[in-house]
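Enquirer: Below you will find the structure I want to go over with you.
The values are calculated or read from the model by the stated rules, or taken from the named source; none is laboratory data. Worth saying up front: this structure is predicted, and the values here are computed from it rather than measured. Cβ placement follows ideal geometry from the backbone for every residue including glycine, while neighbour counts extend to all protein chains displayed.
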Amino acid sequence: MLFALPFLTLFFIFVVIPVFTAVVISFTRYSILNPPEFVGLQNYLRLFLKDEIFINALKFTLLFAVISAPLSMLACLIVAWMINDFPPIMRAVLTFVFYAPSLSGGAVVIWQLIFSGDSYGFANNALAKLGIITEPVQWLSDTKYMFGILLAVTLWGSLGTGFLSYVAAFRGIDVSLYEAAAVDGVKNRIQELWYITVPALRPQMLFSALISITGSFSVGAVSSALFGNPSPNYGAHTVVLHMEDYANVRYELGMACAMATGLFLLTGAANRLSGKFISRIGK
């Protein structure tokens, strides 16, 4: 218990206290310049009944999380599985290549160049040369392209800590399990993956799910970098960006904390559901 005391102390100071404070402030009208005034559920009612932009941001965030979190988890697992059989040096190089995008936050600039709305953008230039388009497509300002672009860029940078945990875990699986499975009738690598590998990786899958789901619900920085904040016609507006608007522009901290509390509860519920689903895989 004594060894865990420093961690528990830091966890209490930097997690429990901020979360509790945000929940309390969510029931107040608080704008920094004035002391908090208790308003009960008024902030939550205002969000869901009067703030149409928040409802659109919530729908966008939920849809994005439902699609991007499973795809991110699946990408981490499949890529780690594919590079596992390479020789050590090649495996290390490939691990770095796939992991590098998660380290380079400023690499979003590359995607801005790719999807630039003029004829010099890589996507527009390539499509024009192929004769597919006759005038530049406004990739970053047309709402019908925003979701797909944000999803692609997010997945591109999603092979982070969860991916590394899979890479390490693959090296720890006992080879004799595969030999025994072959004797019991497992005939190909897909069956090996489902019946041997995946059950052995459940702890890493739970960890990867936590990271993927939390990242999907908290998406905001990439959207802001690509499309601006707010994005044109709020086409890529997320709950986090709306929360930042209330906190940093309008200084309505009670409203911002109400959104943060709701997002915290949504993320917790999603992680719990994913945990139940992962516990059934391979059975």
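Enquirer: Somewhere in segment 170-177, is a residue within 30 Å of Thr214 (Cα to Cα), among the small types (Gly, Ala, Ser) and loosely packed, with under 11 Cβ neighbours inside 10 Å? Walk me through how you get there before you give the answer.
Expert: We begin by selecting, within segment 170-177, every residue within 30 Å of Thr214 (Cα to Cα); these are 170-173.
When the remaining residues are screened for being among the small types (Gly, Ala, Ser), the result is 172.
From what's left, loosely packed, with under 11 Cβ neighbours inside 10 Å: 172.
Scanning segment 170-177, I find at least one residue that is within 30 Å of Thr214 (Cα to Cα), among the small types (Gly, Ala, Ser) and loosely packed, with under 11 Cβ neighbours inside 10 Å, so the answer is yes.
Enquirer: Return yes when Ile213 is hydrophobic (A, V, I, L, M, F, W, C) and free of Cβ contacts under 8 Å to residues at least 12 places away in the same chain and no when it is not.
Expert: no
Enquirer: If I filter segment 137-151 for residues that are more than 27 Å from the chain's Cα centre (by Cα) and of a type in the set (Asp, Glu), do I get at least one hit?
Expert: No, that holds for no residue.
Enquirer: Mind listing just one residue for me: the one in segment 198-217 that is touching a helix residue (DSSP H, G or I) at 6+ places or on another chain (Cβ under 7 Å) and β-branched (Val, Ile, Thr) and, of those, surrounded by the most Cβ atoms within 10 Å (Cβ to Cβ)?
Expert: By that ranking, first place goes to Ile213.
Enquirer: I'd like to check something: does segment 73-80 contain any residue that is of a type outside the set (A, V, I, L, M), within 23 Å of Gly148 (Cβ to Cβ) and surrounded by 13 or more Cβ atoms within 10 Å (Cβ to Cβ)?
Expert: yes
Enquirer: Further question: Checking the conditions here, which among Phe3, Phe14, Phe86 is within 29 Å of Phe170 (Cα to Cα) and either at pLDDT below 90 or touching a Gly at 6+ places or on another chain (Cβ under 8 Å) (or both)?
Expert: Criteria check complete, one pass: Phe86.
Enquirer: Then there's this: Among Ile149, Ile133, which is the only one that is under 24 Å from His237 (Cα atoms) and either touching a Leu at 6+ places or on another chain (Cβ under 6 Å) or at pLDDT 85 or above (or both)?
Expert: Matching residue, one of Ile149, Ile133: Ile149.
Residues checked against (1) farther than 20 Å from Glu37 by Cα; (2) surrounded by 17 or more Cβ atoms within 10 Å (Cβ to Cβ); (3) at pLDDT below 90:
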| site | (1), (2), (3) |
| --- | --- |
| His242 | yes, yes, no |
| Asp245 | yes, yes, no |
| Cys257 | no, yes, no |
| Thr267 | yes, yes, no |
| Phe277 | yes, no, yes |
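Enquirer: For segment 180-206, name all the residues that are touching a residue at least 40 places away in the same chain (Cβ under 8 Å) and not β-branched (Val, Ile, Thr).
Expert: Leu193, Trp194, Tyr195, Pro199, Leu201, Arg202, Gln204, Met205, Leu206
Enquirer: Can you name the helices (runs of 4 or more DSSP H) wholly within segment 148-208 that have at least 1 residues being over 23 Å from Ala92 (Cβ atoms)? Steps first, answer last, please.
Expert: Values: elements: 161-171, 175-183, 189-192.
Passing ranges, in order: 175-183, 189-192.
Enquirer: Give the residues of segment 220-279 that are within 15 Å of the chain's Cα centre (by Cα), closer than 18 Å to Val108 by Cα and assigned to a helix (DSSP H, G or I), sorted by residue number.
Expert: Matches in segment 220-279: Ala221, Val222, Ser223, Ser224, Leu241.
Enquirer: Could you please find all residues in segment 86-124 being polar (S, T, N, Q), surrounded by fewer than 15 Cβ atoms within 10 Å (Cβ to Cβ) and more than 21 Å from Ser224 (Cα to Cα)?
Expert: Listed by number, the list holds a single entry, Ser119.
Enquirer: Pairs please, first residue from segment 56-76 and under 23 Å from Leu201 (Cα atoms), second anywhere and β-branched (Val, Ile, Thr) and in a helix (DSSP H, G or I), Cβ atoms under 8 Å, 6+ apart in sequence or on different chains.
Expert: Here the result reads Ala65/Ile213; Ser68/Thr154; Ala69/Ile213; Ser72/Thr154, each pair linking segment 56-76 to a residue that is β-branched (Val, Ile, Thr) and in a helix (DSSP H, G or I).
Enquirer: So if I check each of Leu177, Leu266, which one is farther than 30 Å from Ile17 by Cα and in contact (Cβ under 8 Å) with a residue 12 or more places away in the chain?
Expert: Just one listed residue meets the conditions, Leu177.
Enquirer: To continue, here is another question. Between a first residue in segment 134-159 that is touching a residue at least 60 places away in the same chain (Cβ under 8 Å) and a second residue that is aromatic (Phe, Trp, Tyr) and part of a loop (DSSP other than H, G, I, E, B), which pairs have beta carbons less than 8 Å apart while being 6 or more apart in sequence or on different chains?
Expert: Here the result reads Leu140/Phe115; Ile149/Phe115; Ile149/Trp139, each pair linking segment 134-159 to a residue that is aromatic (Phe, Trp, Tyr) and part of a loop (DSSP other than H, G, I, E, B).
Enquirer: Looking only at segment 7-56, how many residues end up being among the basic types (Lys, Arg) and over 23 Å from Thr238 (Cβ atoms)?
Expert: 1
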